[in-house]
Amino acid sequence: MCKDLVMYNWFRKKSRIEQLKERYRLLMKRSFELSSKDPEKSEKAHQQADRIFQEIQYLSFRQADK
């Protein structure tokens, strides 16, 4: 049973929200790593992550209305 679920998740296409969450996570990680080396690049990555977070919120609220 569990094995079938794993296979299903492996082939399942990610939703737009899942894709955005993954991108957000990577940008926040990058921002943290750059914070001590290059604050300007860190801030740019953080701003991109904030925009993605706003889009995630928008899509989540829109999906909740359905």
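The values are calculated or read from the model by the stated rules, or taken from the named source; none is laboratory data. Keep in mind that what you see is a predicted model, and the values were worked out from it rather than measured. Please note: Cβ atoms are built from the backbone with ideal geometry, for glycine as well, and neighbour counts cover all protein chains shown. In case anyone asks, the SASA skips ligands and DNA or RNA and just uses the protein heavy atoms, side chains included. Shrake-Rupley method; radii C 1.70, N 1.55, O 1.52, S 1.80 Å.
Of note:
- Sub-9 Å Cβ pairs linking a first residue in region 9-35 that is under 20 Å from Ser60 (Cα atoms) and of a type in the set (A, V, I, L, M) to a second residue that is open to solvent by 100 Å² or more (accessible area, probe 1.4 Å) and outside any loop (DSSP other than H, G, I, E, B), at least 6 apart or interchain, are Ile17/Gln63, ordered by first then second residue.
- Selected residue (criterion: nearest to the chain's Cα centre (by Cα)) from residues of region 33-58 that are outside any helix (DSSP H, G or I) and of a type outside the set (Lys, Arg): Ser35
- Subset of region 45-66 that is of a type in the set (Lys, Arg) and farther than 13 Å from Tyr24 by Cα - its residue that is surrounded by the fewest Cβ atoms within 10 Å (Cβ to Cβ): Lys66
- In region 11-32, the residues that are outside any helix (DSSP H, G or I) and either open to solvent by less than 60 Å² (accessible area, probe 1.4 Å) or in contact with a Cys (Cβ under 8 Å, 6 or more places away or on another chain) (or both): Ser15
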